[in-house]
1. So which residues in segment 289-312 are touching an Asp or Glu at 6+ places or on another chain (Cβ under 8 Å) and of a type in the set (A, V, I, L, M, F, W, C), if there are any at all?
2. Out of (1) of a type outside the set (D, E); (2) outside any loop (DSSP other than H, G, I, E, B); (3) closer than 20 Å to G275 by Cβ, the odd one out for S311 is which?
3. Please work out if E128 is assigned by TED's automatic domain parsing to the domain that holds F197, of a type in the set (D, E) and buried (at least 18 other Cβ atoms within 10 Å of the Cβ).
4. How about segment 14-29: which of its residues are farther than 20 Å from L71 by Cα and either buried (at least 17 other Cβ atoms within 10 Å of the Cβ) or in contact (Cβ under 8 Å) with a residue 12 or more places away in the chain (or both)?
5. Select from segment 31-50 the residues that are free of Cβ contacts under 8 Å to residues at least 12 places away in the same chain and either closer than 18 Å to V251 by Cα or in a helix (DSSP H, G or I) (or both) and list them in ascending order.
6. Being surrounded by 14 or more Cβ atoms within 10 Å (Cβ to Cβ), assigned by TED's automatic domain parsing to the domain that holds Y212 and under 17 Å from the mean Cα position of the chain (by Cα), is that true of even one residue in segment 78-100?
7. For segment 162-240, please list each of the helices (runs of 4 or more DSSP H) lying entirely inside it that holds at least 2 residues being in contact (Cβ under 8 Å) with a residue 24 or more places away in the chain, in contact with a Ser or Thr (Cβ under 9 Å, 6 or more places away or on another chain) and in the same structural domain as Y98 (by TED's automatic domain parsing).
8. Can we say V78 is among the β-branched types (V, I, T) and touching a helix residue (DSSP H, G or I) at 6+ places or on another chain (Cβ under 7 Å)?
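The values are calculated or read from the model by the stated rules, or taken from the named source; none is laboratory data. These figures come from a predicted structure and were not determined experimentally. Reconstructed Cβ throughout: ideal geometry from the backbone, glycine too, with neighbour counts over all protein chains shown.
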Amino acid sequence: MRNYARWSLLATLCWWLILLPKSYYVFSYVTGPIQHWVFSLNNKLFGELPYREDSSGMYLLLLVAPVLGFLVGLLAFVPGIKRWNFRADKAVPIVMRYYLVLELWEYGWIKLTKMQFYLPEPNTVYTELGTLSKDIAYWSVMGSSPSYVIFMGVVELIAGSLIVIKRTRFIGLLLALGVFINVVMVNFSFDISVKLFSLSLLLFTGILLLQYPEQWRMLLQLPAKPKIVRLTEKPLYFRWARALVLSLFVVESVYPSIITGSMNDDDLPRPAYHGAYSVAEHSNLTRMYVHRQDYVIFENKQHDHLSLKISSKTLGEFNLLDEVTNAQSKLSIRKTSHGFWALWSGKSHNDTLFLRPIPYRELPLLKDSFHWFSDEYH
């Protein structure tokens, strides 16, 4: 029965890590089909549910993982596996540790290359601060400070690397604890929808730190018994397997910058006509924005925004789709000596727009500035 509990614990952890609705690159070939199968099964049993960060479907998966874990744990009663000298409970902290390394490296790298907190988009910059949601406001301000984002990325990369090495693992876990406490507080304070994921990382870190009672006693200046650390040499197959796993972690982490061919997301080419434009001589529209994720956004005098997806495009022409009403329209843009001329035509409207580019990257928020003395800008 004890062996069954150990196998169930390991299986539950593995199921939870696989079912977390998180996008991978290299590991998606394994996690993708499994997620699809479990999501389909859930939908048949409980109806269509969303499977994204902090969604109702994700919380349901938290309950499904132990059920699947208890079922997989039945393998412990198979005679061949029952005689197998494998401590499943010993594998649990190893799985947690390697998962922390993967996430720290992955998130550290995308911060280092500005792929997580990228430069805020024109429509966000020109939206009044008070009308922004807390998460967008936080994301935008962070994206405007490359040095701080890079600093956070370096800290996460260092923490993950220290956890890999046995001699520095406790220090790495302490550093990771600080990182994840900060992440959890940010997610809750700014209502960012990765609360359950970040709590999982913090929980894993806390559980792993409980394995170091003597180090905690020394850290807190309490009497501690000296412990002799015996470093045993691992078998060759174990070292090769470890090197392979860590190599895959590196590839998984750097893959986004490999496919984009850039070490700085802020320098990546943007779509044609990307930027902010003022609209002249129109009765209602005041600005137009072209978003990096292929959206055209119109702003009226009441500061309302209409976001239209670019369904297809050719040189100077965008076919637009309203994803709420499914209404289709077309935007044609031509360059003139004073800016741009545009024709936005739909089923019930035909608007002529005179556009002038706004150099939004020259705003103080997006400019690099540093002052040793406060009297230089006060």
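1. The answer is L306, L308, I310.
2. (3)
3. Criteria not met by E128.
4. P21, K22, Y24, Y25, V26, F27
5. Hits for segment 31-50 are G32, P33, H36, W37, S40, L41, N43, K44, L45.
6. yes
7. Because the criterion is at least 2 residues that are in contact (Cβ under 8 Å) with a residue 24 or more places away in the chain, in contact with a Ser or Thr (Cβ under 9 Å, 6 or more places away or on another chain) and in the same structural domain as Y98 (by TED's automatic domain parsing), the helices (runs of 4 or more DSSP H) in segment 162-240 that meet it are 169-189.
8. In short, no.
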